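A short write-up of the structure that comes next.
The values are calculated or read from the model by the stated rules, or taken from the named source; none is laboratory data. The structure presented is a predicted model; accordingly, all values stated were derived computationally and were not measured. Here the Cβ positions follow ideal geometry from the backbone for every residue, glycine too, while neighbour counts run over all protein chains shown.
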């Protein structure tokens, strides 16, 4: 049992929280002035490396702040989830501690009245005051290397909840034995959607109602995922269609791979986030 548990921890496909906390904790004790001095050099390097039209298309433009905003220097780990705190600090260390901001950590669907940094937002409402950052990245931003072609997988669909009801751990990579993997929204987006779309299996999901840094609003039915009704009434019909059109299924899986690939360049992702924060502070102060 102990060996099985160790194997699950080492090969589950999840990001290592221990490694994340170790690096984040070390960075957190370094003086912020060190990062502020390096910021402009980092931005100047990235502007030469990346397509500015693409980058600016990813940068939200918020409105002015309200009166309830707090200074970024007042952010404390106490009272906040560690993953949100540490990753926010990685961006905020590059700015002045006197700048003000609004933030909501956790699974957010409601639209705040003033420009607010969030991990997730509704795509069914006016969400212009919800400014996305790649928060809680250790848990949510997992990508898998799938070497098994779609045709070699079991011609069935799998739902993670089915395995959970048996009280048995199943590795992320074990899901890839199946051609179709259900990706269902919970408090906000489907947490397994990213790694499904990085695989050669198809994400099976209703049309998204919430989005994160991945910009799920831009996903197109039958192009990036297999769409099913929210009550799953057409699930069997959709499965039958792709069973009869396996080449179309491989095209959808390849499109999904290309879509998530754009988020895997860690240096460019940080560059875009720094620009988001820069624009946020330039407009809201």
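Which residues, taken from the range 201-214, are touching a residue at least 40 places away in the same chain (Cβ under 8 Å) and either farther than 14 Å from residue 259 by Cβ or not in a loop (DSSP other than H, G, I, E, B) (or both)?
Looking only at the range 201-214, we keep the residues that are touching a residue at least 40 places away in the same chain (Cβ under 8 Å), and these are 201-204, 208-214.
Hits for the range 201-214 are 201, 202, 203, 204, 209, 210, 211.
Scanning the range 61-78 for residues that are under 12 Å from residue 284 (Cβ atoms), modelled with pLDDT of 85 or more and over 25 Å from the mean Cα position of the chain (by Cα) yields one hit, 69. Candidates are the residues of the range 215-238 that are without any contact (Cβ under 8 Å) to a residue 60 or more places away in the chain and assigned to a helix (DSSP H, G or I); the one that is surrounded by the most Cβ atoms within 10 Å (Cβ to Cβ) is 238.
Apart from one condition, residue 159 fits all of (1) surrounded by 13 or more Cβ atoms within 10 Å (Cβ to Cβ); (2) outside the structural domain of residue 212 (by TED's automatic domain parsing); (3) out of contact with any helix residue (DSSP H, G or I) (no Cβ under 8 Å at 6 or more places or on another chain); the exception is (2). Among residues of the range 179-194 being in contact with a strand residue (DSSP E or B) (Cβ under 9 Å, 6 or more places away or on another chain) and not in a loop (DSSP other than H, G, I, E, B), the one that is surrounded by the fewest Cβ atoms within 10 Å (Cβ to Cβ) is 182.
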